[in-house]
Amino acid sequence: MRRAAALCLLLLVALLVNAARVQLFEAEELNDNPANRRTTIARYDQPRGNILVGDRAVTGNKETGEQLSFERTYLHGPLYAPVTGYASQTYGTTLIEHAEDDVLSGTDSLLAPLPFWNEFTRGRQPGGDVVTTVKESMQRAAYAG
């Protein structure tokens, strides 16, 4: 009975050591693995912030009802595309969508009311809005040209 208990204790310790090794030393590598879809699912689990021209949003979000919950929409797609770029679930982000990705996705530390709070709670802030200096009339003229 003692030998069986000792063996079970040894196996339990080995299991805990292995779990600690994975959590401490391999977590970053596993998180960055392209086959890991959890980061993508978490990224599209909440709506992105809007890109504003003047005081009007030229972007939005549509709920998909699928595993990647929200999809980016554009109010006047081709008109502002040279400025806003795109945020695609397949191809990533470009232009403003890429440059201000931390703010739009809500991961920027400046959006948190308490520093490091989200690090402890693993919570996420809603996406922040990005205000541009683009003038609608000038963008329409450039698009027409």
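The values are calculated or read from the model by the stated rules, or taken from the named source; none is laboratory data. Since we're looking at a predicted model, the values are computed, not measured. FYI the Cβ positions are ideal-geometry reconstructions off the backbone, even for glycines, and counts take in every protein chain you see. Surface accessibility is based on the protein's heavy atoms, side chains included, excluding ligands, DNA and RNA. Shrake-Rupley method; radii C 1.70, N 1.55, O 1.52, S 1.80 Å.
Numerical summary
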quantity	calculated
Matching residues, the stretch 123-145, being touching a Phe, Trp or Tyr at 6+ places or on another chain (Cβ under 8 Å) and surrounded by 13 or more Cβ atoms within 10 Å (Cβ to Cβ)	V134, Q139
Conditions (1) in a helix (DSSP H, G or I); (2) loosely packed, with under 12 Cβ neighbours inside 10 Å; (3) of a type in the set (A, V, I, L, M, F, W, C): number failed by A35	(1)
First in the stretch 73-88 and without any contact (Cβ under 8 Å) to a residue 40 or more places away in the chain, second anywhere and open to solvent by 50 Å² or more (accessible area, probe 1.4 Å) and basic (K, R), Cβ under 8 Å, 6 or more apart	T73/K62
Subset tally (residues that are under 20 Å from the mean Cα position of the chain (by Cα), within 21 Å of P47 (Cα to Cα) and of a type outside the set (G, A, S)) for the stretch 88-145	30
The stretch 120-140, subset basic (K, R) and modelled with pLDDT of 85 or more, residue farthest from L79 (Cα to Cα)	K135
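Here's the yes/no breakdown for (1) open to solvent by 40 Å² or more (accessible area, probe 1.4 Å); (2) at pLDDT 95 or above; (3) not in a strand (DSSP E or B):
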residue: V17; (1), (2), (3): yes, yes, yes
residue: V22; (1), (2), (3): yes, no, yes
residue: E29; (1), (2), (3): yes, no, yes
residue: D45; (1), (2), (3): yes, no, yes
residue: L52; (1), (2), (3): no, yes, no
residue: L68; (1), (2), (3): no, no, yes
